[in-house]
1. Given (1) within 18 Å of residue 200 (Cβ to Cβ); (2) surrounded by 17 or more Cβ atoms within 10 Å (Cβ to Cβ); (3) in contact with a Pro (Cβ under 9 Å, 6 or more places away or on another chain), where does residue 144 come up short, assuming only one miss?
2. What are the residue pairs meeting all of these: first residue in region 257-286, first residue under 21 Å from residue 245 (Cβ atoms), second residue among the aliphatic types (A, V, I, L, M) and part of a strand (DSSP E or B), Cβ atoms under 6 Å, and 6 or more apart or on different chains?
3. Under 6 Å by Cβ, and 6 or more places apart or on different chains, what pairs join a residue from region 79-90 that is surrounded by fewer than 15 Cβ atoms within 10 Å (Cβ to Cβ) with one that is of a type in the set (Gly, Ala, Ser) and assigned to a strand (DSSP E or B)?
4. Taking the residues in region 242-267 that are of a type in the set (Phe, Trp, Tyr) and in contact with a Ser or Thr (Cβ under 7 Å, 6 or more places away or on another chain) as candidates, determine which candidate is surrounded by the fewest Cβ atoms within 10 Å (Cβ to Cβ).
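No value in this document is a laboratory result; all are computed from the given coordinates. Worth saying up front: this structure is predicted, and the values here are computed from it rather than measured. Virtual Cβ from ideal backbone geometry, glycine too; neighbours counted across all protein chains shown.
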Amino acid sequence: MKSSLHNNEFSDEEKMLFSKSSIDYGKTKEEIWASLDLKDDVSSDEPKKIYIYPMFLRAAAMIVFMFGLGLLARFYEKNINVKLGQLISYNLPDGSLVHLNADSQLKYYPIWWWMEREVMLQGEAFFEVKKGSKFSVHSGSYATEVLGTTFNIFARKSGYEVFCATGKVQVKHFENTSILNPGDYLKKVGSNKILIEHKVSKSDVMAWRLGKFNYNTTPISKVMADVARHYDIDIQMEMIDSDIYYTGFFDRAKSADTTLKIICNSLGFSFEKETARKYRIKKIIY
């Protein structure tokens, strides 16, 4: 192929070679050859790079999302708080019913519920549990487990008590396990000792659910704490021995003044109403 290297004229062979290309014949041959070299470089056979980083990022984002969803299901909690002077009934997700006494707190995990039926209780409550998987009630170091039954739990600083009304109840405390049948009443005695009474009357334990005060040789401190919770009042006791016990049965519908009068008269106490919600109780000295 002949071509002139010193002028801009193309030979017939060069024109035939470029006939199928888009050539601007207004340019010099050097410029046209340079543009063809650049195109050859761009259309080389070098393999294309495929970036897979976005796929890894999407997979990582999905893992983080699922992990976060699991944490939400496990740790999202529902709290039920019952104020002083209140009684409420609450339906759990499976239809189990909880009756909560005054000044009680119940906590559970609603999203995780179908994986594990578990509640935390501080206070007093009567449970009507639907049959199904294991149902657990945790109060500090104590755990009560059932499959489907009715039972009452008292879990406060002053003590821990469980009464089995129907079915069967298992109470765990560290390494110790107790099985309760209908009518069995478990009570914490001292620091770690457990006492179980059999054939206990339901009305004796469940008086609060029946709208009654029912005490049988009950420490006066516990009686007054119960009265204070029920009426949402403050009771201060002066010169009252801690080993005094009270026995009595009467209606909770009475006023706070009437209730304190019934209790104090039988024990030789007097009470003074200092404000609308504050009472002071003293031992009568003759």
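1. Just one mismatch for residue 144, condition (3).
2. Matching pairs, first to second residue: 269/281; 271/281; 279/235; 281/237.
3. Once the first residue is surrounded by fewer than 15 Cβ atoms within 10 Å (Cβ to Cβ) and sits in region 79-90, no partner that is of a type in the set (Gly, Ala, Ser) and assigned to a strand (DSSP E or B) comes close enough.
4. Step by step, filter region 242-267, then rank; the result is 245.
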